[in-house]
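The values are calculated or read from the model by the stated rules, or taken from the named source; none is laboratory data. Note that the coordinates shown come from a computational prediction; the quantities given were computed from them, not determined experimentally. When we count neighbours, we look across all protein chains shown, and the Cβ atoms used for this are built from the backbone with ideal geometry, even at glycine. Each accessible area value is taken on the protein alone, full model and side chains, heavy atoms only, with ligands, DNA and RNA left out. Shrake-Rupley method; radii C 1.70, N 1.55, O 1.52, S 1.80 Å.
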Amino acid sequence: MASHWEEFYKTHLPPTDFEDNRSLLKEFCERHNSIGERIALVTAVHFVPFLQSGGTTVPLEHNTVRFVDNFSAGTRGAASAEYFLEQGYAVIFMHRTKSLEPFTRHFNGQKFMDMLELNDRGPNTTITVKPDSVDVLAPVLANYKAAQETGKILYVTFTTVSDYFWLLRAACECLGPLGPKALLYLAAAVSDFYIPSSELPTHKIQSSVGAPTISLQLVPKLLAPLVSLWVPQAFVVSFKLETDENILIAKARDSLNKYKHKLVVGNMLQTRRQKVVFVTPESSYEVLLSREQMINGMEIEDLIVSNVVISHSNFLASFKY
Ligand code: PMT
């Protein structure tokens, strides 16, 4: 009998741009593998119907007018991607369309417009960056240009939970040949529930027929095939979000025992920007921003990524080929 995740692939078609993305992933992984570079796959933002994290949507109709969403804009993934690049990794940034992206995340909304000056001189109109914004824009722009020009970052996007499933498996197939040099940093909050494609109405649900009854099914846990079958030699880091501190470490440990990967980064909804807990099979320890670091504008992702990179390096050093 097919397992739950195999059944999911059988009943959900790949997205229309799947082959294009698969080619991009293959080329990216082969290029960086051929020069011995490490690659980090960073996932950010996924469908979470009821209050977990990740700022994504679960469509309620094929022609989607309504969907269920959540709070997260994908800050952790976007910020972490920048820090992995700083640490010399090539980065596959797998994120939901319209979620935050590395570099541009610093200038969201009106912030970017406010940095610019319009010198309206008719046909000779120019736009300049305000002098006091240059210091803010220049370092981010320099890092962005460096990543683009060296081909160190690949952006792949998804919209639905099944897009995510197809892309993640394709990325793993391409990362497999890197063995332990591949790092998977699964910061996306993957939906625990979904509405199977076969049960979605095609058209907008009509209010005239009364309140709809929505029945959700369990999404298969991809960590299981990912760790045991797709990238068994890779360094896999998963995340665990909770709102009750008393169960956070136990849940992280359960996940390690179940999937047998290397590290779970636990975080609480309320304090996730200041504090996380690293849980390994042997130990657990907190990683937190000091007051001074916060005042200086440091981000917790800087510390998380530095610690993950140290663990990945130790893992590589101890890896028996
Ligand atoms: O985006 P931000 O606002 O910055 O917030 C960051 C974050 C809170 C979203 C992030 O730090 C985080 O905690 N992400 C994981 C949230 C979570 O608990 O996800 P989960 O319980 O659905 O999944 C746990 C792990 O299993 C995840 O690493 C996930 O990738 C994996 N999983 C989950 C479901 C599923 N079907 N398959 C999976 O492999």
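Structure above, values below:
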read-out: From the options S215, S198, residue that is assigned to a helix (DSSP H, G or I) and farther than 26 Å from L41 by Cβ; value: S198
read-out: Region 231-242, subset within 16 Å of L178 (Cβ to Cβ) and surrounded by fewer than 19 Cβ atoms within 10 Å (Cβ to Cβ), residue nearest to the ligand (Cβ to nearest atom); value: P232
read-out: Residue satisfying condition, being out of contact with any Leu (no Cβ under 8 Å at 6 or more places or on another chain) and under 26 Å from N267 (Cα atoms), within set V190, V156, V161, V140; value: V161
read-out: Every residue from region 249-264 that is within 11 Å of the ligand (Cβ to nearest atom) and either in contact with a Lys or Arg (Cβ under 7 Å, 6 or more places away or on another chain) or part of a loop (DSSP other than H, G, I, E, B) (or both); value: K251, A252, S255, H261, V264
read-out: Search result, residues across region 136-166 that are modelled with pLDDT under 95 and of a type in the set (D, E, K, R); value: D163
read-out: Near pairs, Cβ below 7 angstrom, 6+ apart or cross-chain, from region 244-271 (open to solvent by 70 Å² or more (accessible area, probe 1.4 Å)) to any residue that is basic (K, R) and within 9 Å of the ligand (Cβ to nearest atom); value: K251/K240
read-out: Contacts under 7 angstrom Cβ, first residue in region 213-234 being in contact (Cβ under 8 Å) with a residue 12 or more places away in the chain, partner more than 13 Å from the ligand (Cβ to nearest atom) and of a type in the set (D, E), 6 or more apart; value: W230/E173
read-out: Selected residue [more than 10 Å from the ligand (Cβ to nearest atom), more than 23 Å from V308 (Cα to Cα) and either open to solvent by 10 Å² or more (accessible area, probe 1.4 Å) or out of contact with any Asp or Glu (no Cβ under 6 Å at 6 or more places or on another chain) (or both)] from S215, S228; value: S215
read-out: Subset tally (residues that are open to solvent by less than 10 Å² (accessible area, probe 1.4 Å), farther than 15 Å from A44 by Cα and part of a loop (DSSP other than H, G, I, E, B)) for region 66-114; value: 1
read-out: Odd one out for F239, checked against (1) without any contact (Cβ under 8 Å) to a residue 12 or more places away in the chain; (2) closer than 25 Å to F8 by Cα; value: (1)
read-out: The listed residue being touching a helix residue (DSSP H, G or I) at 6+ places or on another chain (Cβ under 7 Å), away from the ligand (no atom under 15 Å from the Cβ), small (G, A, S) and closer than 28 Å to E86 by Cβ, out of A142, A147; value: A147
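A quick yes/no check of all residues on (1) hydrophobic (A, V, I, L, M, F, W, C); (2) more than 30 Å from L218 (Cβ to Cβ); (3) open to solvent by 30 Å² or more (accessible area, probe 1.4 Å); (4) more than 24 Å from the chain's Cα centre (by Cα):
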position: L116; (1), (2), (3), (4): yes, yes, yes, yes
position: N124; (1), (2), (3), (4): no, yes, yes, yes
position: T128; (1), (2), (3), (4): no, yes, yes, yes
position: N143; (1), (2), (3), (4): no, yes, yes, no
position: F165; (1), (2), (3), (4): yes, no, no, no
position: A170; (1), (2), (3), (4): yes, no, no, no
position: L178; (1), (2), (3), (4): yes, yes, no, no
